[in-house]
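Working notes for the structure below.
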Amino acid sequence: MRFDTVIQNGTVVTATDTYASDIGILGGKIAAIAQSLPVEGADKLINAAGRMVMPGGIDVHTHLHLPVGSVRVSDDFDTGTRAAAIGGTTTIVDYVTAYRGEDPMDALATWRRWAEPSCVDYGLHMTFTERVPDRAI
């Protein structure tokens, strides 16, 4: 099998194990993890000897693009997720706020539009400022 990138000689760290291994990346995704992977045809080789290789982090509590009164938090989905990716976070979960009198589905549509420039995977978590009408469920 041919890989775009092979990370060699690293110490892979997961939630349950730590072991010496190579990682083969194809199309931007991990395609193989093994003691020794073929490097022929790889566009990039990374020697991770003496280093730990860990999966991307997940930040389950973010507030990007959030309006607070007449201002917004300093990071939107572009700048916030760009910084997250640089720091090794590959997934975020952001809070959608449905304000008083706002249809929750409209709020969700707004956050989805704001999230379009995201550099990482994302999920959305809805918060409400009032009881949600039965028709909205």
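Within the span defined as region 3-18, one or more residues are of a type in the set (Asp, Glu), at pLDDT 95 or above and in contact with an Asp or Glu (Cβ under 6 Å, 6 or more places away or on another chain). Against the conditions (1) open to solvent by 60 Å² or more (accessible area, probe 1.4 Å); (2) among the polar types (S, T, N, Q); (3) closer than 29 Å to residue 8 by Cβ, residue 91 satisfies every one except (1). Condition check for residue 103 on (1) of a type in the set (D, E, K, R); (2) surrounded by 14 or more Cβ atoms within 10 Å (Cβ to Cβ); (3) within 16 Å of residue 132 (Cβ to Cβ): one failure, at (2).
Going by the conditions given, is residue 52 farther than 19 Å from residue 28 by Cα and in contact with a helix residue (DSSP H, G or I) (Cβ under 7 Å, 6 or more places away or on another chain)? No: the conditions fail for residue 52. Quick one: in region 111-137, which of the residues that are at pLDDT 95 or above and hydroxyl-bearing (Ser, Thr, Tyr) is nearest to the chain's Cα centre (by Cα)? Step by step, filter region 111-137, then rank; the result is 122.
For region 81-113, name all the residues that are farther than 30 Å from residue 53 by Cβ and either in a helix (DSSP H, G or I) or aromatic (Phe, Trp, Tyr) (or both).
Filtering region 81-113 for residues farther than 30 Å from residue 53 by Cβ gives 95-113.
Matches in region 81-113: 95, 99, 104, 105, 106, 107, 108, 109, 110, 111, 112, 113.
Kindly check whether there is at least one residue in region 46-60 that is in contact with an Asp or Glu (Cβ under 7 Å, 6 or more places away or on another chain) and closer than 21 Å to residue 124 by Cα. No.
Test residue 78 against the criterion of being open to solvent by 40 Å² or more (accessible area, probe 1.4 Å), at pLDDT below 95 and either touching a Phe, Trp or Tyr at 6+ places or on another chain (Cβ under 7 Å) or not β-branched (Val, Ile, Thr) (or both), and give yes or no. Taking the combined requirement at face value, the residue does not satisfy it.
Residue 86 - would you say it is under 15 Å from the mean Cα position of the chain (by Cα) and of a type in the set (Val, Ile, Thr)? The answer is yes for residue 86.
The values are calculated or read from the model by the stated rules, or taken from the named source; none is laboratory data. Please read all numbers here as calculations on a predicted model, not as lab measurements. For neighbour counting, all protein chains shown are included, and Cβ atoms are generated from backbone atoms with ideal geometry for every residue, glycine included. Please note that ligands, DNA and RNA were not included when accessible areas were found on the heavy atoms of the full protein model with its side chains. Shrake-Rupley method; radii C 1.70, N 1.55, O 1.52, S 1.80 Å.
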